[in-house]
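Data block below; observations after.
The values are calculated or read from the model by the stated rules, or taken from the named source; none is laboratory data. In this text the structure is predicted, and so the values were computed from the model without any measurement. Positions of Cβ are generated from backbone atoms using ideal geometry, with glycine treated the same way; all protein chains shown enter the neighbour counts.
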């Protein structure tokens with residue numbers, strides 16, 4: 001597990017770009033839940049970093065593919081495969097993650 005960010009540094013709705021085990025990732029806080037997903041759209045390889053977040057999903061800002069933040073599943077075209085999600089733990093007032 002890698003320490004990614006202090007829980008105090010993310011307010012609900014915030015996100016932070018990080019690297020987990022050499023993989024570009026995003027830490028996203030929704031309410032009191034934290035999710036860590038691969039920061040690469042499975043459709044065209046572009047970053048999801050600035051994509052809109054709604055209803056626990058993130059939308060690729062380039063072509064509109066949407067992904068579930070909990071499971072990584074592709075929720076609409078043009079994406080046909082999901083994105084990687086990470087195991088997340090909260091400890092010592094920080095978000096920790098590791099590849100699944």
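Pairs are defined by a Cβ separation below 6 Å, a sequence spacing of at least 6 or placement on different chains, a first member in the range 76-92 that is at negative phi and touching a residue at least 40 places away in the same chain (Cβ under 8 Å), and a second member that is outside any strand (DSSP E or B) and loosely packed, with under 11 Cβ neighbours inside 10 Å; the pairs so defined are 87/100. For the range 62-83, a residue qualifies if it is over 14 Å from residue 46 (Cα atoms) and either in a strand (DSSP E or B) or within 11 Å of the chain's Cα centre (by Cα) (or both), and the qualifying residues are 68, 69, 70, 71, 72, 74, 75, 76.
Contact map, the range 2-31: first residue at positive phi and free of Cβ contacts under 8 Å to residues at least 24 places away in the same chain, second residue surrounded by fewer than 14 Cβ atoms within 10 Å (Cβ to Cβ) and assigned to a loop (DSSP other than H, G, I, E, B), Cβ cut-off under 6 Å, separation 6 or more or different chains; pairs are 31/12.
Yes or no, residue by residue, for (1) modelled with pLDDT of 95 or more; (2) touching a strand residue (DSSP E or B) at 6+ places or on another chain (Cβ under 8 Å); (3) surrounded by 18 or more Cβ atoms within 10 Å (Cβ to Cβ):
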position: 4; (1), (2), (3): yes, yes, yes
position: 36; (1), (2), (3): yes, yes, yes
position: 45; (1), (2), (3): no, no, no
position: 49; (1), (2), (3): yes, yes, no
position: 56; (1), (2), (3): yes, yes, no
position: 76; (1), (2), (3): yes, yes, no
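Determine, yes or no, whether residue 71 is at pLDDT 95 or above, touching a strand residue (DSSP E or B) at 6+ places or on another chain (Cβ under 6 Å), surrounded by fewer than 19 Cβ atoms within 10 Å (Cβ to Cβ) and at negative phi. Spelling it out, it is not the case that residue 71 is at pLDDT 95 or above, touching a strand residue (DSSP E or B) at 6+ places or on another chain (Cβ under 6 Å), surrounded by fewer than 19 Cβ atoms within 10 Å (Cβ to Cβ) and at negative phi.
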